Amino acid sequence: MKALVLIEHGPTTNFEIRDIAQPEPTEGQVLVEIAASSLNPIDNKIRGGLPIGPELPAPIGCDFAGRVAAVGNGVTKFKVGDEVFGCAGGVKGRGGTLAEYIAADQELIAIRPSNISFREAAALPLVSITATNLLERLQLREDDRLLIHGGVGGVGHIALQLARGIVKSIAVTVESSEDAELASSLGADEVVLFREEEPAAYTQRLTGGKGFTAIIDTVGGTHLTKSFEAAALEARIATTAARAELDLGPVHAKALTLHGIFMLIPMLHNYNKHRHGEILDNIRDDVEAGKLKPIVDERRFTLAEAPHAYDELEAGRARGKIVIDI
């Protein structure tokens, strides 16, 4: 099969289109012919050497949508011809999704939403599972004042839509006026241009200085520090980007609860894999009910053009999730 193979860690020039062996589904796996795969920032971190990736040379990539081409022994959930989506590869011991086929654990995938395209379905798995993990950890209540950093990013725009049915008040931080319009269209009650307004100012403006009782950080770095500043007393914070050296004094001073979210743990440790499939079933229901829609970058990239697409993602020039047509 054709695959985009990462030869060694480093720049995107280290990718190469190669013919590699088509995987065979083992016990509990299905073979999926991939129609589309979406890119995620974790892919670029793995490309750069984060030690959770597959042994190189190998294809990377976590997300996909496609059709079941074969089933292994013990598979009960799927049959040949089923259209599925999932986050099931691109880490240690698992083939990547920038390839024509993947052998995927049946627990990690679900039947794709029927009312969106393969491209849109491929944009959903990693970010939707992550967003769900964030909301579950925060145990949101209707009366929470929720703040989402990166409100129109991959995880942020899904978390925003999922939170609409739980809390009455959602504020998000974004970079531009264009992003602010998108956030409002997705259900944000208040939008902060983070380059123009500091936490003290928007916390005073939006909460009367009391602070936000629940905060989602999808950006990390200074945004996590800003979360501490914007938080109410005894607030809950959940972050997807805790790889930083930070002063946790404000966490103690306000008695904050800080959660780190890393959705790849089930794939890396064969731990609670079934939960991912359950989440994707719920995501499908939300999409088919019109409650959730992924934002997909309008540009189209082939497998051979995926290295350039990774450059675009890393440079912050994506408008929605970048999807590769396989």
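The values are calculated or read from the model by the stated rules, or taken from the named source; none is laboratory data. Worth saying up front: this structure is predicted, and the values here are computed from it rather than measured. Glycine gets a Cβ as well: all are built from the backbone with ideal geometry, and neighbour counts include every protein chain shown.
General remarks:
- Test: Val296 is modelled with pLDDT of 95 or more and closer than 16 Å to Ser128 by Cβ: yes
- Just so you know, in the range 297-317 the residues that are touching a helix residue (DSSP H, G or I) at 6+ places or on another chain (Cβ under 6 Å) and in contact (Cβ under 8 Å) with a residue 40 or more places away in the chain include one that is nearest to His157 (Cα to Cα), and it is Glu314.
- Flag if Ile158 is touching a strand residue (DSSP E or B) at 6+ places or on another chain (Cβ under 8 Å) and not in a loop (DSSP other than H, G, I, E, B): no
- For the range 115-123, the condition of being under 10 Å from the mean Cα position of the chain (by Cα), crowded, with 23+ Cβ neighbours inside 10 Å and at pLDDT 95 or above holds for at least one residue.
- Listing of helices (runs of 4 or more DSSP H) fully contained in the range 213-277 that carry 3 or more residues being of a type in the set (A, V, I, L, M, F, W, C): 222-230, 265-269
- Candidates Ser184, Ser177: the one that is surrounded by 14 or more Cβ atoms within 10 Å (Cβ to Cβ) and of a type in the set (Ser, Thr, Tyr) is Ser184.
- Of the residues Ala289, Ala255, the single one that is exposed (fewer than 13 other Cβ atoms within 10 Å of the Cβ) and either in contact with a Leu (Cβ under 8 Å, 6 or more places away or on another chain) or of a type in the set (Asp, Glu) (or both) is Ala255.
- Residues satisfying the stated conditions in the range 117-156, i.e. of a type in the set (Gly, Ala, Ser) and within 20 Å of Thr225 (Cα to Cα): Gly150, Gly151, Gly153, Gly156
- Residue within the range 121-131 that is hydroxyl-bearing (Ser, Thr, Tyr) and either in contact with a helix residue (DSSP H, G or I) (Cβ under 9 Å, 6 or more places away or on another chain) or outside any loop (DSSP other than H, G, I, E, B) (or both) present: yes
- Checked against (1) in contact (Cβ under 8 Å) with a residue 40 or more places away in the chain; (2) over 21 Å from Gly316 (Cβ atoms), Asp189 passes all but a single condition, namely (1).
- Residue count, the range 215-266 (criterion: among the acidic types (Asp, Glu), over 30 Å from Asp63 (Cα atoms) and touching a strand residue (DSSP E or B) at 6+ places or on another chain (Cβ under 8 Å)): 1
- Yes/no for Gly53 being touching a helix residue (DSSP H, G or I) at 6+ places or on another chain (Cβ under 6 Å) and either surrounded by 15 or more Cβ atoms within 10 Å (Cβ to Cβ) or within 25 Å of Asn282 (Cβ to Cβ) (or both): yes
- Check on Leu140, part of a loop (DSSP other than H, G, I, E, B) and either modelled with pLDDT of 95 or more or surrounded by fewer than 22 Cβ atoms within 10 Å (Cβ to Cβ) (or both): yes
Rundown of residues vs (1) assigned by TED's automatic domain parsing to the domain that holds Ile279; (2) outside any strand (DSSP E or B); (3) in contact (Cβ under 8 Å) with a residue 60 or more places away in the chain, yes/no style:
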site	(1), (2), (3)
Glu24	yes, yes, yes
Val32	yes, no, yes
Asp43	yes, yes, yes
Gly49	yes, yes, no
Val75	yes, yes, no
Val84	yes, no, no
Gly95	yes, yes, yes
Glu107	yes, yes, yes
Ala110	yes, no, yes
